[in-house]
Structure formats: structure tokens, C-alpha cells
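The values are calculated or read from the model by the stated rules, or taken from the named source; none is laboratory data. If you're wondering where the values come from, they're calculated on a predicted model, not measured in any experiment. Every residue, glycine as well, gets a Cβ built from its backbone with ideal geometry; the counts of neighbours run over all protein chains shown.
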Amino acid sequence: MTRLLPFPILSCGLLVLWLLLNQTISLGQFLIGCVLAFAGGLSLTTLQLPRERVRRPSAVLRLFALVTVDIIRSNIAVGRIILGLGRRQRTSGFVNIPLDLRNPYALAVLACIITSTPGTLWVSFDRQKGLLMIHVLDLIDEGEWIRTIKGRYEPHLLEIFE
């Protein structure tokens with residue numbers, strides 16, 4: 001079974017996504033979705049992804065809650081900037097953050113978290129030094145960003161993946 005469908009959860013997710021995007025469950029769309037799900041799962045075998053298991057599912061839920069709150073807060077803050085509320089001078093800039101993370105999946109999740117939070121952007125990661133560079137739209141205190149990434153996200157990701 002794993003030879004035919006090496007990533008069954010991903011294949012099912014692709015099928016569901018296809019059906020949702022087309023907003024129909026007709027036989028034709030279902031068959032096209034099955035072909036795409038099958039091909040998508042098989043194509044991932046060429047990447048030779050390392051197997052990874054989530055160590056603590058409860059940490060995933062805690063991280064999800066933290067990220068949700070942070071994204072809502074960032075949306076409000078960026079909305080205030082765009083609307084011109086709070087007329088102080090805004091300064092954007094780059095912040096270098098030393099990380100203990102080395103797991104590629106944990107780094108990918110952190111990249112998604114940082115990039116999906118309005119006002120921040122993942123710029124680069126130096127694997128040898130473990131140094132992450134992010135861009136912040138409204139940079140007030142670099143130390144606060146380092147504490148946020150190191151204190152809020154990294155411990156949960158280490159708990160989940162390492």
C-alpha cells in the first residue's frame with residue numbers, strides 16, 4: 001500500500017483540496033482529484049523526504065494557539081499603521097536571531113509562522129551559524145523580537161520536532 005500511496009494523508013488532503021477548490025463532488029472532478037492526489041503523492045517520493053514524527057501533539061495545539069493570537073495582534077497593528085492611527089515615526093529593519101533549531105521541518109514551520117504574521121518576513125537562515133534574519137515592518141525593539149522567536153516559538157518547535 002505504501003508503494004502505491006507513499007503519502008496517504010497528503011494524497012487525501014490533495015483530493016479534498018481539489019474538491020473544495022472546484023466546489024463540487026461530481027464524478028468527473030472526483031476522478032481528476034484522485035489522479036492529482038495519486039500523482040502528487042508519488043512525486044514527493046523523488047524528493048526523498050526524511051521521515052519525521054510529531055513528538056508531542058499537545059505542543060502543536062499550544063503553538064497553534066500562540067500563533068493565532070500573534071497573527072490577530074499583528075493584523076490589528078498593521079491595520080493601524082495602514083490607516084495612519086498613532087502618528088509616530090515608523091522604522092522598519094532587519095533582526096538577526098540566533099536559533100537552536102536545526103530540524104528542517106521545524107525551520108519550515110517557523111518560516112510559515114513568521115511569514116504569515118503580518119509585518120514580518122523570513123529573509124534568510126545561515127545553517128552553519130544558526131542565525132535567522134527577519135524583516136520587521138515596525139521595528140521598535142530588536143530584543144523583543146529575539147525574545148518572541150526564542151521564547152514563544154522555538155521551545156514549542158523543539159518540543160514537537162526534536
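Could you please tell me which pairs satisfy a Cβ distance under 9 Å, a separation of 6+ or placement on different chains, a first residue in segment 100-113 that is not assigned by TED's automatic domain parsing to the domain that holds Val67, and a second residue that is of a type in the set (Asp, Glu)?
Going by the 9 Å Cβ cut-off, there are no qualifying pairs.
Across segment 135-162, what is the total count of residues that are of a type in the set (Val, Ile, Thr), outside any loop (DSSP other than H, G, I, E, B) and closer than 15 Å to Thr91 by Cβ?
Total meeting the criteria: 1.
So how many residues does segment 69-89 have that are more than 20 Å from Thr115 (Cβ to Cβ) and charged (D, E, K, R)?
Total satisfying the criteria: 3.
Six or more apart or on different chains, Cβ atoms under 7 Å: show the pairs whose first residue is in segment 60-77 and under 16 Å from Lys150 (Cβ atoms) and whose second is charged (D, E, K, R).
Listed by first residue and then by second, the contacts come to Leu66/Arg152.
Which of the following residues is within 26 Å of Leu49 (Cα to Cα) and surrounded by 13 or more Cβ atoms within 10 Å (Cβ to Cβ): Ile113, Ile71?
Sole residue among the options that is within 26 Å of Leu49 (Cα to Cα) and surrounded by 13 or more Cβ atoms within 10 Å (Cβ to Cβ): Ile113.
Could you tell me whether any residue of segment 121-128 is in the same structural domain as Leu99 (by TED's automatic domain parsing) and under 21 Å from Ile72 (Cα atoms)?
Checked against the condition, which is being in the same structural domain as Leu99 (by TED's automatic domain parsing) and under 21 Å from Ile72 (Cα atoms), segment 121-128 yields at least one hit.
Report those helices (runs of 4 or more DSSP H) wholly inside segment 9-122 carrying at least 3 residues which are out of contact with any His (no Cβ under 6 Å at 6 or more places or on another chain), more than 27 Å from Ile134 (Cα to Cα) and at pLDDT below 90.
27-45
Does Ile82 qualify as being loosely packed, with under 12 Cβ neighbours inside 10 Å, under 27 Å from Arg152 (Cβ atoms) and among the β-branched types (Val, Ile, Thr)?
yes
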